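Enquirer: Next up is a structure, given as structure tokens.
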Amino acid sequence: MWEQVLGASLLITAVLVGLWKITPKPKEPPTAQENAAAVIALEDQRAAEKQAAQQASLPQPAAPPVTAPTSPKHAKPAETPQIRGLVSPPTQPSSQTTSSAPGVARFTVTQSEDVSSRSDAPHLTRVVIQTNVEFSHLKLALQCDGPIVEGSGGLNGVTMMMNKGIANGYPNVFVFTYGSAIPPFGPASPITISLWSKNPIHCGQATTF
């Protein structure tokens, strides 16, 4: 009798234990740390979506226009000064060094002030141009930092086909040319030029053309 009651009790206990195992348990509420992590993740997602929307609404920069290179034959020619008495106008002087003569020609320009007797040009500047090579023929331009009223001078000797004067349109440029000279412009024969002006000028740049 007691054995039957004990067996039945064990059977009922086993059934109840099985039912407890398969019965769904109530989910435990999330902890404070889990709630904070979920809120941070949601805020990060919303911020990323907002930034993406703002970038999409911004206007895209236009591509720079592509221009074709200008052909040299269509390029605008550089303007050159017209020189009084010269057939071929020179280019604007740009350097104190030139290679128009054998080797490399270097020019040294020195100047000094003198007394002018002209009321229209009270300043007289004496300019001496020296070089390290000889020029059998010459086209030389002397550039100053102010306008010239008149200029004169040249070589001490005999010059053929000589021209000198102020470049038309370039009142600060004095030009001196010759076809031949005895002695020629060279280390032993400098060029001496006198320049009259209304204001003090400085002439420190000579070049051939």
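The values are calculated or read from the model by the stated rules, or taken from the named source; none is laboratory data. Small disclaimer: the values here were computed from a predicted structure and weren't measured. Heads up, the Cβs are rebuilt from the backbone with ideal geometry, glycines too, and the neighbour counts pull from every protein chain shown.
Enquirer: Hey, among the residues in the range 110-155 that are polar (S, T, N, Q) and in contact (Cβ under 8 Å) with a residue 60 or more places away in the chain, which one's nearest to P187 (Cα to Cα)? Spell out how you get there, then give the answer.
Expert: Step one: filter the range 110-155 for residues polar (S, T, N, Q), giving 110-112, 116-117, 119, 125, 130-132, 136, 143, 152.
When the remaining residues are screened for being in contact (Cβ under 8 Å) with a residue 60 or more places away in the chain, the result is 111, 116, 125, 130, 143.
Details: Q111: 17, S116: 29, T125: 22, Q130: 6, Q143: 21 Å.
Ranking the candidates gives Q130 first.
Enquirer: Among the numbered criteria (1) at pLDDT 95 or above; (2) in contact with a strand residue (DSSP E or B) (Cβ under 7 Å, 6 or more places away or on another chain), which single criterion is violated by S117?
Expert: (2)
Enquirer: Taking only the range 160-181 into account, find how many residues are farther than 17 Å from Q130 by Cα and over 36 Å from the mean Cα position of the chain (by Cα). Give the derivation first.
Expert: Just the residues of the range 160-181 that are farther than 17 Å from Q130 by Cα, to begin with: 160-173, 179-180.
Now narrow it down to the ones that are over 36 Å from the mean Cα position of the chain (by Cα): 160-164, 179-180.
Looking only at that region, the number is 7.
Enquirer: State whether the residues of the range 190-205 include one that is farther than 15 Å from E113 by Cβ and touching a Phe, Trp or Tyr at 6+ places or on another chain (Cβ under 7 Å).
Expert: Residues of the range 190-205 farther than 15 Å from E113 by Cβ: 190-191, 205.
Subsequent filtering for residues that are touching a Phe, Trp or Tyr at 6+ places or on another chain (Cβ under 7 Å) retains 191.
Yes, the conditions are met somewhere in the range 190-205.
Enquirer: Can you find, within the range 141-183, the residue that is surrounded by the fewest Cβ atoms within 10 Å (Cβ to Cβ) among those that are touching a strand residue (DSSP E or B) at 6+ places or on another chain (Cβ under 6 Å) and among the charged types (D, E, K, R)?
Expert: Restricting to residues being touching a strand residue (DSSP E or B) at 6+ places or on another chain (Cβ under 6 Å) and among the charged types (D, E, K, R), the top hit is E150.
Enquirer: I've got another one for you. Looking at the range 184-209 only, could you name the residues that are closer than 15 Å to V128 by Cβ and assigned to a strand (DSSP E or B)?
Expert: Matches in the range 184-209: F185, G186, S189, I191, T192, I193, S194, L195, C203, G204, Q205, A206.
Enquirer: Further, regarding this structure: Looking only at the range 156-183, count every residue that is outside any strand (DSSP E or B) and in contact (Cβ under 8 Å) with a residue 60 or more places away in the chain and tell me the total.
Expert: First, the residues of the range 156-183 that are outside any strand (DSSP E or B): 156-157, 161-162, 169, 179, 183.
Of the ones still in play, those that are also in contact (Cβ under 8 Å) with a residue 60 or more places away in the chain are 169.
Qualifying residue count for the region: 1.
Enquirer: Looking only at residues in the range 182-209 that are among the hydroxyl-bearing types (S, T, Y) and within 37 Å of the chain's Cα centre (by Cα), which one is farthest from N156 (Cα to Cα)?
Expert: In the first step, residues of the range 182-209 are kept if they are among the hydroxyl-bearing types (S, T, Y); the result is 189, 192, 194, 197, 207-208.
Adding the requirement that they be within 37 Å of the chain's Cα centre (by Cα) leaves 197, 207-208.
Numbers: S197: 24, T207: 20, T208: 19 Å.
Checking each candidate, the answer is S197.
Enquirer: Restricting attention to the range 190-209, which residues are surrounded by fewer than 18 Cβ atoms within 10 Å (Cβ to Cβ) and over 14 Å from V127 (Cα atoms)?
Expert: K198, N199
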